[in-house]
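The values are calculated or read from the model by the stated rules, or taken from the named source; none is laboratory data. None of the values given here were measured: they were computed from a predicted structure. Every residue, glycine among them, receives a Cβ derived from its backbone with ideal geometry; neighbour counts consider all protein chains shown. Surface areas here come from the heavy atoms of the whole protein model, side chains and all, with no ligands, DNA or RNA. Shrake-Rupley method; radii C 1.70, N 1.55, O 1.52, S 1.80 Å.
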Amino acid sequence: MDKLELAVVRGEQAQALQSNPMYVQAFEDTRKAILETWASLDTSDKERARDLHRMLKCLERVRKCIDVHVDTGRLANREIEGRAHRLNPFRRA
């Protein structure tokens, strides 16, 4: 399996993950719990507020990483299709 094929497979896996209701719910629940904890903090607890902010940033970073795999997989798939078309331009899709 070459790099493009691997990117397509990883993109498909990432897409399946994004569409999994448990994944979506886990992200929503985690984000909600962090925000609720942050909202209930005493205003003097700046260290804990920074920690919660970091948690939110990490959660978003994971989501973006998965998005990148989906996008990369789509682009790789287009490249593979383009190569196939260049090799046989008369082939019907």
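Miscellaneous remarks
- Here the sum of -39500 (n - 2.57) over DSSP H runs of 4 or more residues, divided by the residues of the chain, equals -29500 deg cm²/dmol at 222 nm, to the nearest 500.
- For the chain, the carbon plus sulfur part of the accessible surface works out to 55%, probe radius 1.4 Å.
- FRET E, pair Arg50, Leu75, Förster distance 30 Å, beta-carbon r, rounded to 0.05: 0.25
- Options (i) 31; (ii) 53; (iii) 38 - which one matches percent of Cα pairs over 21 Å apart as calculated here: (ii)
- Dipole of the chain, positive end: most advanced residue of Gln18, Leu41, Leu75 [Cβ charges, Cα centre]: Leu75
- Against the chain, whose longest principal axis is taken from its Cα atoms, helix 21-39 shows a tilt of about 30°.
- Spacing of the modelled spin labels on Glu60 and Ala39, each 7 Å from Cα toward Cβ, amounts to 1.8 nm.
- If you take all other residues with their beta carbon under 11 Å from the beta carbon of Arg48, and give Lys and Arg +1 and Asp and Glu -1, the sum is -1.
- Annotation: extensible slack from Ser19 through His85 equals 20.7 nm (criterion: 0.36 nm per residue apart, minus Cα-Cα distance).
- Relative to the longest principal axis of the Cα atoms of the chain, the long axis of helix 46-87 lies at roughly 10 degrees.
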